[in-house]
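Enquirer: Sharing a structure below in structure tokens format, with a few things to ask.
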Amino acid sequence: MADWDSLWINANLATMMPGPDAYGAIADGAIAARDGRIAWLGAMTALPPNAARKTARVHDAGGRWITPGLIDCHTHLVFGGDRAGEFALRLEGASYAEIARAGGGIRATVAATRAASEQELLRTGGERLDRLCADGATTVEIKSGYGLDITTEIKSLRVARRLADGRPVAVVTTFLGAHTVPPEYEGRADAYIDLVCDEMLPQIAAEGLADAVDAFCEGIGFSPTQTARLFEAAKARELPLKLHADQLSDLGGAALAARFGALSADHLEHTSADGVAAMAAAGTVAVLLPGAYYTLSESHPPPVAALRERGVAMAVASDCNPGSSPALSLQLMLNMACTLFRLTPEEALAGLTRNAARALGLAYDRGTLAPGLQADLAL
């Protein structure tokens, strides 16, 4: 009987384990898996005798690099329609906020998503997920937030759960009911937050459809006070928290996320020094989203130097969505994180592996290469 199910030989391993060696690299190495978990890794010279003959499947990597499977920790993959026309509006000078206030933006996608059937959302969401997988993703977070009513929010989360079926990927779901105020609640944001907290969240939690709760804390989204109400309700149900924070302005979103012990605060283009300090103290991960920064032609990058100085873990994600980041390449996000935000290549790769796992509360199980962890590999 084989000792291992699979063995990759003649590989360079980027284990992404913290330490003195860049990338946690093992040159001319090998890695073995058994029952879906890493069973052994090390230098080829340390490979146990007769290991290849005792393994069911042996793969020769031919000197290529093996990294942990890439983790996209912030996406909006399930949606109806498209918003390609907004690209032309932005080129003509319209801002993201102006488009949203004119009925475009998130609300336009809400209308299309409410109208789409579950089968249509499964088809289009699956096409997007397949492209991420082809680029190296083995874990993908998918948010709701394009329904903004209980029926469509539940439909979207059920679709997100089903997208993992038959695919070599794990899907993590996040309830983003507080994405924006829907048209039927125009001018009544507090009443809508009542609906989210008192009706949507309890049913979604009871059905086990969400692994975390998120909100858009912004002038065109929800105030810190409204966001805090939702976070209190989520914590009462022991659901982890995430936050779209300080993307367009500094409302203190990063500090708010840290105060509630959120797993991550995402975007952060306008986060203050106080917000960075709060995140460092709380261990909240900074999720950087260069695709949205690029698409919206932003000029105020996240405070990467301050995050680095304070030791805040920095993750990188695609933010795939129909309006501000229609991006489905994690390798492109690696490049953008370096060219737009000045991350080092090692920081960028850590952002799509080790730190992305932290941003989802999964660092105990994936994001690095080590015995006992999931055998999620990218060649």
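The values are calculated or read from the model by the stated rules, or taken from the named source; none is laboratory data. The structure presented is a predicted model; accordingly, all values stated were derived computationally and were not measured. When we count neighbours, we look across all protein chains shown, and the Cβ atoms used for this are built from the backbone with ideal geometry, even at glycine.
Enquirer: Could you say which residue among 188, 158, 162, 167 is over 20 Å from residue 75 (Cα atoms) and in the same structural domain as residue 268 (by TED's automatic domain parsing)?
Expert: 188
Enquirer: Out of all the residues in the stretch 196-206, is one or more under 22 Å from residue 312 (Cα atoms) and not in a loop (DSSP other than H, G, I, E, B)?
Expert: The answer is no; no qualifying residue exists.
Enquirer: Still on this structure, I have one more. Please give the number of the condition residue 332 fails out of (1) over 18 Å from the mean Cα position of the chain (by Cα); (2) more than 16 Å from residue 269 (Cα to Cα).
Expert: Of everything listed in (1) over 18 Å from the mean Cα position of the chain (by Cα); (2) more than 16 Å from residue 269 (Cα to Cα), residue 332 misses just condition (1).
Enquirer: Let me ask something else. Restricting to the stretch 67-98, and then to whatever is surrounded by fewer than 20 Cβ atoms within 10 Å (Cβ to Cβ) and within 20 Å of residue 219 (Cβ to Cβ), can you tell me which residue is farthest from the chain's Cα centre (by Cα)?
Expert: For the stretch 67-98, the residue satisfying everything is 93.
Enquirer: So which residues in the stretch 39-80 are among the hydrophobic types (A, V, I, L, M, F, W, C) and assigned to a strand (DSSP E or B), if there are any at all?
Expert: Within the stretch 39-80, 39, 40, 41, 43, 56, 58, 65, 66, 70, 71 meet the criteria.
Enquirer: Also, quick follow-up: Restricting to the stretch 22-50, what's the tally of residues that are crowded, with 18+ Cβ neighbours inside 10 Å and of a type in the set (Gly, Ala, Ser)?
Expert: Of the residues in that region, 6 qualify.
Rundown of residues vs (1) touching a residue at least 40 places away in the same chain (Cβ under 8 Å); (2) in the same structural domain as residue 284 (by TED's automatic domain parsing), yes/no style:
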{"position": "26", "(1), (2)": "no, no"}
{"position": "32", "(1), (2)": "no, no"}
{"position": "36", "(1), (2)": "yes, no"}
{"position": "49", "(1), (2)": "no, no"}
{"position": "55", "(1), (2)": "yes, no"}
{"position": "61", "(1), (2)": "yes, no"}
{"position": "77", "(1), (2)": "yes, yes"}
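Enquirer: Could you grab me the full set of residues in the stretch 99-115 that are under 20 Å from residue 187 (Cα atoms) and either surrounded by 15 or more Cβ atoms within 10 Å (Cβ to Cβ) or small (Gly, Ala, Ser) (or both)?
Expert: Result: 99, 100, 102, 103, 104, 105, 106, 107, 108, 109, 110, 111.
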